[in-house]
Amino acid sequence: MWFVRFLSSSIGKKLIMATTGLLLLLFLCTHVAGNATIYMSSEVFQGYADELHSHPLIVIVFSTIFLLIFLAHIGMGLFLFYQNWQVSKSRYSVTTRVVKNTFSSETMPYTGLIILTFLIVHIFSFTFSSSEVPISVTVKELLSGFFYGLFYIVSFIALAFHLNHGFWSMLQTFGLNHPRYNDAISKLTLILPLFFLILFAGIPLYFMTGLGASY
Amino acid sequence: MSSINLTLKIWRQHNSDALGNLETYDLDNVHTDMSFLEMLDILNEKLTKEGKEPVAFDHDCREGICGMCGAVIDGVAHGPEKEVTLCQLHMRNFSKGDTIVIEPFRSRAFPVKKDLLVDRSALDRIIQSGGYVSVNTGGTPDGNSLPIPSSNAELAMDAAACIGCGACVASCPNGAAMLFTSAKISQLALLPQGHAERQQRALSMVAQMDEEGFGNCTNAKECEAVCPKGISIRNIARLNKEYLFAALTEG
Ligand code: HEM
Ligand code: SF4
Ligand code: FES
């Protein structure tokens, strides 16, 4: 079948990574918007959470779609990593990378796995937390903890590196590489990860530093 | 003209089935005006006189246009100078007392035949699978009878500069042949003559590329950095688009 042939080709697999990556990015946008209400007050945040969960069907459908996208992205990412490792293991006695600043691109599978670990911890702490305690209270309690907060910050740094290469790579995979847009794209490869880093990692910092004392 | 003395560590392998290893050779009085291949010629003369087996390496034009030469020099395909082939790399890029590690271009799809000589016919098979125009369009058309935007003509010409040396594959962390294939697809996709078979070409060439055992591109950009002809990864973006469009319409 053409569809299977397409998706199992090398470029098809890249397109799966890029498409699921884009959808995950869109998810991050909605998630960061909701979480930013924490900076306003615990009432606003609790209101947002209650409103969201008063429509359980929306939550379930969205979570399922998100889970499937995530599994596709992770599964394909690790599969590509394995395939490429097989091609490239022990090739040269001297290997020199000519391109500078390859940290983000070389660490994609590792930053990805940090995000995955984070996600598991995150879901178990918040999604499956006790329904007795309001979520706004759980958030403050957990994120004020030094190690828990630090883990969050490290994970968001990993996400920033992942997106630093991922955003550009995604556009290249979609075929968007044109001198007219390349300047803007290279700026966005910094702005976009920083945007998520500041908003997301700001939340544990907000509580850890005591700025959120009156939250 | 000055001379330098060098220590060379060269990959020696008797044939495809043999296990190879790096051998060390000292070479004195290497003129800095020599090309890298001339330096290897001198070494081979010396080895021959000593009754040893000379180092096998590929070469033909020795003026940077045929794509036959190539080796990985201290971890960089075609050596440290930008946009030159190994035959055009001069010994003035090295200093007295340097140790130079010389290895063959490696990829799962490039079996080593002997020493630095590798079989790159996988690239030829990618071309054979669709990198041509099979419609006979008659004699040379009159000038301007087929209007082509000059920007497209320039981009097609840039892509056509690829000499098929395989340095992109050798330098790619994943051993992918995307830069080569994208150049061969772009030079035709950008011109009206290439349009008739555009979709079929993208499908067949990518299928052949995968079948040969090249790796998957992860957009690491190493290929572009070592390509002796300055082929841009913009061609890879174009290949991705060509392939997506072809798969959706004719796959
Ligand atoms: C919210 C979380 C995530 C987002 C927004 C995200 C986003 C992206 C994007 C945009 C790309 C570029 C796609 C391309 O190269 O065309 C990418 C690539 C990649 N992602 Fe993620 N990702 C996330 C989580 C993960 C996780 C959990 C893993 C687990 C292993 C992972 C592994 C990878 C790998 C290995 C690549 C590189 C694939 C390649 O270069 O061929 N990602 N990601
Ligand atoms: S794209 Fe460049 S490096 Fe690759 S085969 Fe062509 S000329 Fe050589
Ligand atoms: S020998 Fe022809 S390009 Fe080097």
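Compactness ratio for segment B:3-103: Cα radius of gyration over 2.2 N^0.38 Å (N = residue count) comes to 1.03.
For chain B, the relative contact order works out to 19 percent when only alpha carbon pairs closer than 8 Å and six or more residues apart are counted.
The heavy atoms of B:S35 present about 10 square angstrom of accessible area, all protein chains included, probe 1.4 Å.
What accessible area per residue comes out for segment A:2-214, rounded to a whole number of Å², with a 1.4 Å probe?
56 Å²
In segment A:174-190, burial by the other protein chains removes 30 Å² or more of accessible area from A:G175, A:N177, compared with the chain on its own (1.4 Å probe, ligands and nucleic acids ignored). Surface listing: A:R180, A:R5, B:R106 arranged by accessible area from highest to lowest gives A:R180, A:R5, B:R106, probe 1.4 Å.
Shown for chain A: the carbon plus sulfur share of the solvent-accessible area, taken with all protein chains present and a 1.4 angstrom probe, equals 74%.
Taking B:P104, B:P141, B:P228 in turn, the Gaussian network model of chain B (Cα-Cα springs below 10 Å) assigns the largest fluctuation to B:P141.
Taking all protein chains as they are arranged and a probe of 1.4 Å, the heavy atoms of A:Y110 leave approximately 120 Å² accessible to solvent.
Using the Kirkwood radius over Cα pairs, work out the Stokes-Einstein diffusion coefficient for chain B at 37 °C and 0.692 mPa s, in µm²/s as a whole number. Answer, rounded: 168 µm²/s.
The residues B:M157, B:M34, A:M208, sorted by heavy-atom accessible surface at 1.4 Å with ligands and nucleic acids left out, run B:M157, A:M208, B:M34 from largest to smallest. For chain A, the longest principal axis of the C-alpha atoms and the axis of helix A:135-144 are separated by about 70°. The Kirkwood hydrodynamic radius of segment B:127-167, based on inverse pair distances between different Cα atoms, is 12.9 Å. When restricted to Cα atoms, segment A:96-215 yields an Rg and a Dmax of 17.5, 57 Å, respectively.
Of all the options A:A158, A:A18, A:A33, the one that moves most in a Gaussian network model of chain A with Cα springs shorter than 10 angstrom is A:A33.
Using heavy-atom solvent-accessible surface (probe 1.4 Å) with all chains present, what is the largest-first order of B:Y243, A:Y206, A:Y48, B:Y132?
Descending order: B:Y132, A:Y48, A:Y206, B:Y243.
Kirkwood radius, segment A:2-214, all distinct C-alpha pairs, inverse of mean reciprocal distance: 19.2 Å.
Roughly how far apart, in whole Å, are the Cα centres of segment A:141-164 and segment B:188-245? For segment A:141-164 versus segment B:188-245, the Cα centre distance is 39 Å. Mean-square fluctuations from a GNM of chain B, with a 10 angstrom spring cutoff on Cα atoms, peak among B:G215, B:G164, B:G20 at B:G20. Normalising the average separation of contacting C-alpha pairs (under 8 angstrom, six or more residues apart) by the number of residues puts the relative contact order of segment B:3-103 at 35 percent.
Buried surface between chains A and B: roughly 3400 Å² of accessible area, summed over both sides, computed with a 1.4 Å probe on protein heavy atoms only.
Normalised by 2.2 N^0.38 Å, where N is the number of residues, the alpha-carbon radius of gyration of segment B:88-174 equals 1.62.
Using the alpha-carbon positions of segment A:53-122, Rg (one decimal) and Dmax (whole number) come out as 17.6, 60 Å. Which values of log₁₀ I(q)/I(0), to two decimal places, follow from the Debye formula for the protein assembly as shown at q = 0.07, 0.08, 0.10, 0.11 Å⁻¹ with a uniform point scatterer at every Cα? Values returned for q = 0.07, 0.08, 0.10, 0.11 Å⁻¹ are -0.48, -0.60, -0.84, -0.95.
With a 1.4 Å probe and every protein chain kept in, tell me what percent of the accessible surface of chain B is carbon plus sulfur. Reported share for carbon and sulfur atoms: 49 percent.
Across chain A, the mean sequence separation of Cα contacts (distance under 8 Å, 6 or more residues apart), normalised by length, yields a relative contact order of 29 percent.
In the complete set of protein chains, residue-level accessible area for A:T111 is approximately 10 Å², probe 1.4 angstrom.
The values are calculated or read from the model by the stated rules, or taken from the named source; none is laboratory data. Keep in mind that this is a model prediction, so the values were computed, not measured. With ligands, DNA and RNA removed, areas are computed over all heavy atoms of the protein, side chains included. Shrake-Rupley method; radii C 1.70, N 1.55, O 1.52, S 1.80 Å.
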